[in-house]
Amino acid sequence: MADYTYTIFLDAGHGGSDPGAVYNGRREKDDTLNLTLAVGDILESYGFNVIYARTEDIYESPYQKAAEGNASGADIFISIHRNSSPYPNQYSGVESLVTKYNAGKAQ
Ligand SMILES: [Zn+2]
C-alpha cells in the first residue's frame, strides 16, 4: 500500500440560522453535526486525516464550504445531510450524489 494518508473533508449539512429539515422539533443541522463528528472520529481511528467544515452550530453557505473544501487540498469532500418527509416512515435508505469535478486538482 502506498505511503499516503488520505484527507477527507467532512461537511455537516446546514447549521446556525439554517436548520435544514425539521420534524417534531428535530433539526437536520443537529443530526448532521452529530453524525459528522462520529464519522470523523471513526475515520481518524483508521488513520485518515479529517478536516471539518464545522464542529459547532454555525452557518456557512454551501458555496463557502465547497470553496474551503477545495482550498484544503482534501482528497474527497463529503457533505452529510438527513432528509425528511412530513409523513413518518415514508422514506428510508441513503441518497448519494457523486461528482468528479474539482477545479483545484488534476483528475
Ligand atoms: Zn440537508
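Coordinate-derived values only; no laboratory data. As the structure is a computational prediction, the values presented were derived from the model and not from experiment. Neighbour counts run over all protein chains shown; Cβ positions are idealised from the backbone, glycine included.
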Fill in: Point-charge dipole on Cβ atoms (K/R +1, D/E -1) for the chain, about Cα centre, debye to 20
280
Item to complete: Give, as ranges by residue number, the residues of the range 47-76 whose backbone N falls under 14 Å from the point 7 Å along Cα→Cβ of Tyr6.
Response: 47-51, 74-76
Fill in: Pairwise label distance in nanometres, Asp18 with Glu44, each label 7 Å out on the Cα-Cβ vector
2.5
Worksheet item: So what's the projected area for the chain, the Cα convex hull averaged over all directions, in nm²?
Response: 8.0
Discussion item. As I understand it, the value is the acute angle between the Cα axis of helix 62-72 and the longest principal axis of the Cα atoms of the chain; what does it come to in degrees, rounded to 10?
Written reply: 20
Worksheet item: Gaussian network model of the chain, Cα springs within a sub-10 Å range: biggest mean-square fluctuation belongs to which of Gly69, Gly93, Gly13?
Response: Gly93
Discussion item. Could you tell me the calculated FRET efficiency between Ile51 and Asn89, based on Cβ-Cβ distance and R0 = 25 angstrom, to the nearest 0.05?
Written reply: 0.10
Worksheet entry | In degrees, nearest ten, helix 28-45 long axis to first principal axis of the chain (Cα) | 30
Practice prompt. Only helical DSSP H runs with n ≥ 4 go in: add -39500 (n - 2.57) per run for the chain, normalise by residue count and round the 222 nm mean residue ellipticity to 500 deg cm²/dmol.
Written response: -9000 deg cm²/dmol
